[in-house]
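Have a look at the structure below before the remarks.
The values are calculated or read from the model by the stated rules, or taken from the named source; none is laboratory data. Please read all numbers here as calculations on a predicted model, not as lab measurements. For neighbour counting, all protein chains shown are included, and Cβ atoms are generated from backbone atoms with ideal geometry for every residue, glycine included.
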Amino acid sequence: MTSKKTLGIGFGIALLLAVPALALAHGVSGADASFVSRIKGVAFGPFAYLGAKHMVTGYDHLAFLAGVIFLLRRLKDVAIYASLFALGHTITLLSAVLLGIGANAHLVDAVIGLSVVYKGFENIGGFRAIGWKLDPRAAVLGFGLVHGMGLATKLQELNMSPDGLATNLIAFNFGVELGQLAALSVMVLLFALWRSTRSFERSVLPANTLLMAAGFILFGYQLAGYALS
């Protein structure tokens, strides 16, 4: 029991310390962008890898997912919410790129920051306290649409060949889903271990307060980027 408690406390501290990294907007690295610009035709493997890499290094997406599953104890519920999030970002990722629907990346990422704030506030019962009745499933789906638009803006910045574009986008999205599944598997396990300790209940408020703070930092960071651009 002592080892579980120590692990839970360590995970909680690591989570709290890592959250401020949200302020660093993530994009496609220069090497990956250069590689993508040279691709002509279908390249399922490379785009799937790029999608998975983008998801597992996407601090904003991972923070939102952590907030979503923070209080979920049943795998069935985790699967439902993860599926809604995946559905949302799949819709906007594919449609925005294929239909040429543009948006300012800074503003989209600012809303993504607010999605992190939303989950932290919901997890501490903030909406109940002010009398707001929000459907959490609809909210996750809605923010999934925003996160998908964020993914789309990153791809739209690349010089992608129209040859095989649809298939490559499907591959990228497939990679995103694999990355999300891998990240969720780790997070679910760690949260399960953390919840088995006495420290978890005491950590709900401070952890989600810091999650909200990180979301506000990302929001402000992106608004500043928009103003300067």
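Table for the structure above
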{"quantity": "Among (1) more than 16 Å from Phe70 (Cβ to Cβ); (2) in contact (Cβ under 8 Å) with a residue 40 or more places away in the chain; (3) assigned to a helix (DSSP H, G or I) - the single one Ala207 does not satisfy", "calculated": "(1)"}
{"quantity": "Pick from region 73-99, criterion closer than 12 Å to Ala152 by Cβ and polar (S, T, N, Q), ranking: surrounded by the most Cβ atoms within 10 Å (Cβ to Cβ)", "calculated": "Thr92"}
{"quantity": "Flag for Ala63 being modelled with pLDDT of 90 or more and out of contact with any His (no Cβ under 6 Å at 6 or more places or on another chain)", "calculated": "yes"}
{"quantity": "Where a residue in region 34-63 is under 16 Å from Leu155 (Cβ atoms) and its partner, wherever it lies, is of a type in the set (Ser, Thr, Tyr) and at pLDDT 85 or above, with Cβ under 7 Å and at least six apart", "calculated": "Val42/Thr167; Phe44/Thr167"}
{"quantity": "Count of region 202-229 residues which are surrounded by fewer than 19 Cβ atoms within 10 Å (Cβ to Cβ), among the aromatic types (Phe, Trp, Tyr) and within 27 Å of Gly126 (Cα to Cα)", "calculated": "2"}
{"quantity": "For Phe85: the one exception among (1) within 20 Å of Gly215 (Cβ to Cβ); (2) more than 13 Å from the chain's Cα centre (by Cα); (3) outside any loop (DSSP other than H, G, I, E, B)", "calculated": "(2)"}
{"quantity": "Region 147-201: number of residues that are surrounded by fewer than 21 Cβ atoms within 10 Å (Cβ to Cβ), among the small types (Gly, Ala, Ser) and closer than 27 Å to Leu94 by Cβ", "calculated": "6"}
{"quantity": "Some residue of region 3-16 being modelled with pLDDT under 50, surrounded by 15 or more Cβ atoms within 10 Å (Cβ to Cβ) and either of a type in the set (Asp, Glu) or part of a loop (DSSP other than H, G, I, E, B) (or both)", "calculated": "no"}
{"quantity": "Options Val108, Val78, Val68: the member that is under 26 Å from Gly225 (Cα atoms) and not small (Gly, Ala, Ser)", "calculated": "Val108"}
{"quantity": "Number of the exception - Lys40 against (1) modelled with pLDDT under 95; (2) assigned to a helix (DSSP H, G or I); (3) over 25 Å from Asn208 (Cβ atoms); (4) out of contact with any Leu (no Cβ under 7 Å at 6 or more places or on another chain)", "calculated": "(2)"}
{"quantity": "Selection from region 170-204 of residues that are assigned to a helix (DSSP H, G or I) and among the basic types (Lys, Arg)", "calculated": "Arg195, Arg202"}
{"quantity": "Residues being among the aliphatic types (A, V, I, L, M), part of a loop (DSSP other than H, G, I, E, B) and more than 22 Å from Tyr59 (Cβ to Cβ) - total across region 133-169", "calculated": "2"}
{"quantity": "Some residue of region 128-145 being at pLDDT 95 or above, crowded, with 20+ Cβ neighbours inside 10 Å, among the β-branched types (Val, Ile, Thr) and within 27 Å of Ala110 (Cβ to Cβ)", "calculated": "yes"}
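Yes/no per residue for (1) assigned to a helix (DSSP H, G or I); (2) farther than 20 Å from Leu210 by Cα; (3) of a type outside the set (Phe, Trp, Tyr):
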{"position": "Arg73", "(1), (2), (3)": "no, yes, yes"}
{"position": "Ile80", "(1), (2), (3)": "yes, yes, yes"}
{"position": "Thr92", "(1), (2), (3)": "yes, yes, yes"}
{"position": "His106", "(1), (2), (3)": "yes, yes, yes"}
{"position": "Val111", "(1), (2), (3)": "yes, no, yes"}
